[in-house]
Amino acid sequence: MAEIVQQRIEDRIPELEQLERVGLFTKNEVKSIIKRVTALEYKLHRLIINKEDFIAYIQVGCHKNKTVLLSPQILDHIHYHFKREEIEFPIIHRINNIFRRATNKWKDDVQMWLSHVAFCKKWSTKNQLSKVFSAMLAIHPDKPALWIMAAKSELEDRNSSESARHLFLRALRFHPNDKKVYQEYFRMELLHAEKLRKQKKELEKAEMNLGEYEFSAEILSGKLAEIVYRDATGKIKGAEFVISLLNIAAIFDFTKELQDSILQDLQTKYTEDNLTWDFMAKRELEAPGAGEELQTAKGRASEVSRREERCCQVYEEGLKSLNTGRCYVLQRAHDSSLLKEDYYKNWILLSSEDAEGATRVAMAATQRYSQSVTVWSLSLQTLMQLGSGDMGKLFQEALTHVNPKESLPLWQLQVQWSLANQSLEETEAIFERGRLSAVAAVAMEMKEKYLDWSYTVGGYKKARKTFTSLQEVRPLSKSFFTRMIEIEKEQVSTPKMSNLRNYYERALQEFGSTDDDLWLDYIQEELGPQGQPENCGKIHWRAMKFLEGESVERFISKYTLLQTGHI
């Protein structure tokens with residue numbers, strides 16, 4: 001190991017000497033770098049390697065404290081060009097090697113891969129950048145965002161539309177129904193066409209012979225993008241997706257025919273979708289007017305009025321043709337911030353058959369009435385049924401917005417969802433958070449549910465452990481104690497009377513001054529087959545001493561009925 005480390009240090013000496021000669025580093029700084037690099041090299045050759053050591057090595061390799069000094073601008077400023085590559089190339093080459101070692105060691109660390117990508121982009125190592133993306137996608141083909149990033153890099157950094165197209169096609173083999181991949185692929189083909197059109201225009205302007213250049217009329221008009229559109233809409237249905245592609249096409253000034261084709265598809269295939277009518281109506285508002293009419297204030301006002309009238313006509317036509325006209329009215333009221341809380345409830349129920357629509361309405365409702373427990377409860381119930389959204393995050397968001405004193409229904413829903421969808425550890429974490437709530441009602445209910453859940457998943461031992469850990473943590477409810485008493489009695493083997501006495505005694509410490517039934521239950525327990533009837537007199541005496549007010553009279557009455565056999 002020492003020989004390898006020494007060799008690597010010696011390989012760096014010419015580079016550091018060069019940096020010292022040109023004045024970028026002092027002699028002491030060079031010595032400091034060698035010392036740090038040596039220490040890190042030894043760390044990287046240990047049996048157990050830390051990720052932090054690789055990061056530190058990369059920072060030292062970049063000469064972090066003087067990174068700016070290695071930029072081309074600084075080297076130009078000091079008029080140093082003669083052996084500039086002797087400074088830059090070894091540094092870049094070495095850091096790429098360090099990154100490769102790190103990503104080979106921690107293949108699943110996407111952030112490490114992206115750091116390598118960022119380094120390659122900064123230093124314009126285009127060939128190396130392609131290799132990094134290729135290696136990363138071989139490990140992480142399940143992440144559409146990485147495919148998109150790689151394809152964009154090929155187009156923007158390497159100016160290779162062919163490589164970008166190849167990556168998008170490979171991405172679609174792994175993710176054949178991913179909307180974002182198709183959207184970016186569609187955009188890439190349009191960008192490629194736009195670039196070729198600009199090149200052709202510049203060549204024509206320079207009056208150059210175009211014979212040696214190939215400019216396909218079909219590619220220039222966006223036919224490749226149209227092929228992508230047809231393939232995408234054949235696999236992914238819905239007006240929202242079609243509209244997203246239409247909006248991308250509208251960015252480019254040469255796509256009128258393509259836009260008209262997409263618009264026709266929207267109007268013929270998706271007339272039952274609310275979004276189609278909404279999009280068409282808004283287009284009327286944005287439609288360009290006649291130039292002459294817009295010359296005067298009166299003409300402009302008249303044009304605005306005509307646009308609004310056409311927009312309303314489209315909405316009215318949509319309301320007549322859609323079975324969900326009421327939903328559309330609600331949508332319009334929501335867009336105008338006029339929809340009242342109760343109507344959001346109706347809207348969510350009306351949209352229940354459309355999973356995507358119901359999700360959208362539920363989220364809109366919580367944004368509009370973010371402090372309403374009722375709205376959050378209904379919206380979260382809807383999303384739970386649909387299996388939509390990041391429920392854990394939504395529950396946390398809900399609890400941060402509503403009044404904590406009113407939050408119990410949200411805690412109950414969260415427990416219900418967690419029991420069905422999360423691991424035992426995650427569910428227990430929710431109970432732990434709930435029991436620490438400053439709201440008494442929440443804390444008590446969470447303790448009760450925590451105890452019951454512990455018994456369900458872990459049996460008697462876990463239930464007893466949970467009870468022991470919580471019995472001294474106030475606030476406490478009577479139900480918390482009575483449930484533990486029930487659990488004790490449910491044991492197949494004879495329940496321990498000593499345990500039952502402990503539960504009753506602890507409960508009476510909390511509620512003995514007001515709850516006459518608790519004293520009576522304790523007496524009945526002692527009268528049972530496992531109890532000691534001689535203890536009943538002492539319990540009766542204590543009850544008469546501790547009970548207050550009307551609870552004393554109730555206890556005397558019930559105790560008399562018990563003695564006479566009427567209870």
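The values are calculated or read from the model by the stated rules, or taken from the named source; none is laboratory data. Given the structure is predicted, the values throughout are model-derived calculations rather than measurements. With ideal geometry, Cβ positions are generated from the backbone for all residues, glycine too; neighbour counts draw on all protein chains shown. The protein model used for the area step is the full one, side chains on, heavy atoms only, and it has no ligands, DNA or RNA in it. Shrake-Rupley method; radii C 1.70, N 1.55, O 1.52, S 1.80 Å.
Does any residue of the range 548-563 turn out to be in a loop (DSSP other than H, G, I, E, B) and under 23 Å from E472 (Cα atoms)?
Let us first name the residues in the range 548-563 that are in a loop (DSSP other than H, G, I, E, B), namely 548-549.
Cutting the leftovers down to under 23 Å from E472 (Cα atoms) gives us none.
No, the range 548-563 contains no residue that is in a loop (DSSP other than H, G, I, E, B) and under 23 Å from E472 (Cα atoms).
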Here is a list of conditions, (1) in a helix (DSSP H, G or I); (2) closer than 23 Å to E406 by Cα, and S370 meets all of them except one; can you say which number that is?
(1)
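Please enumerate the residues belonging to the range 249-258 that are part of a helix (DSSP H, G or I) and surrounded by fewer than 17 Cβ atoms within 10 Å (Cβ to Cβ).
First pass over the range 249-258, keeping only residues part of a helix (DSSP H, G or I): 249, 256-258.
Matches in the range 249-258: K256, E257.
Given the criterion open to solvent by 60 Å² or more (accessible area, probe 1.4 Å), polar (S, T, N, Q), in the same structural domain as A438 (by the TED database) and within 30 Å of L424 (Cα to Cα), identify the matching residue among T482, T468. Walk me through it before giving the result.
Values: T482 fails: open to solvent by 60 Å² or more (accessible area, probe 1.4 Å).
Step by step, each of T482, T468 is checked, and only T468 is open to solvent by 60 Å² or more (accessible area, probe 1.4 Å), polar (S, T, N, Q), in the same structural domain as A438 (by the TED database) and within 30 Å of L424 (Cα to Cα).
If only one of I74, I91 is open to solvent by less than 40 Å² (accessible area, probe 1.4 Å), in a helix (DSSP H, G or I), aliphatic (A, V, I, L, M) and modelled with pLDDT under 85, which one is it? Full working, then the answer.
Numbers: I74 fails: open to solvent by less than 40 Å² (accessible area, probe 1.4 Å).
Only one candidate passes the filter, namely I91.
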For the range 496-517, what are the residues that are of a type in the set (G, A, S) and either open to solvent by 20 Å² or more (accessible area, probe 1.4 Å) or in a loop (DSSP other than H, G, I, E, B) (or both)?
S498, G512, S513
What pairs come up if the first residue lies in the range 541-561 and is within 17 Å of A507 (Cβ to Cβ) and of a type in the set (D, E), the second is open to solvent by less than 70 Å² (accessible area, probe 1.4 Å) and modelled with pLDDT of 90 or more, and their beta carbons are under 6 Å apart, counting only those six or more places apart or on different chains?
E548/S513
Odd one out for G234 among (1) surrounded by fewer than 18 Cβ atoms within 10 Å (Cβ to Cβ); (2) under 36 Å from the mean Cα position of the chain (by Cα); (3) in contact (Cβ under 8 Å) with a residue 60 or more places away in the chain:
(3)
Residues of the range 169-187 classified as open to solvent by 40 Å² or more (accessible area, probe 1.4 Å) and either of a type in the set (A, V, I, L, M, F, W, C) or more than 24 Å from the chain's Cα centre (by Cα) (or both), total:
5
Result of the Cβ filter at 9 Å on the range 170-196, keeping first residues that are over 18 Å from S134 (Cα atoms) and partners that are assigned to a loop (DSSP other than H, G, I, E, B) and of a type in the set (D, E), at least 6 apart or interchain, is E194/D253
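Look at S493 and say whether it is loosely packed, with under 13 Cβ neighbours inside 10 Å and outside any helix (DSSP H, G or I). Can you show your working first?
Values: loosely packed, with under 13 Cβ neighbours inside 10 Å: yes; outside any helix (DSSP H, G or I): yes.
Yes, satisfied.
At positive phi and either surrounded by 20 or more Cβ atoms within 10 Å (Cβ to Cβ) or within 18 Å of the chain's Cα centre (by Cα) (or both) - does that describe any residue in the range 428-443?
The first filter runs over the range 428-443 and keeps only residues at positive phi, leaving none.
So far as the range 428-443 goes, no, none of its residues is at positive phi and either surrounded by 20 or more Cβ atoms within 10 Å (Cβ to Cβ) or within 18 Å of the chain's Cα centre (by Cα) (or both).
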If a residue has to be assigned to a helix (DSSP H, G or I), of a type in the set (V, I, T) and touching a residue at least 24 places away in the same chain (Cβ under 8 Å) to count, how many in the range 424-461 make the cut?
3
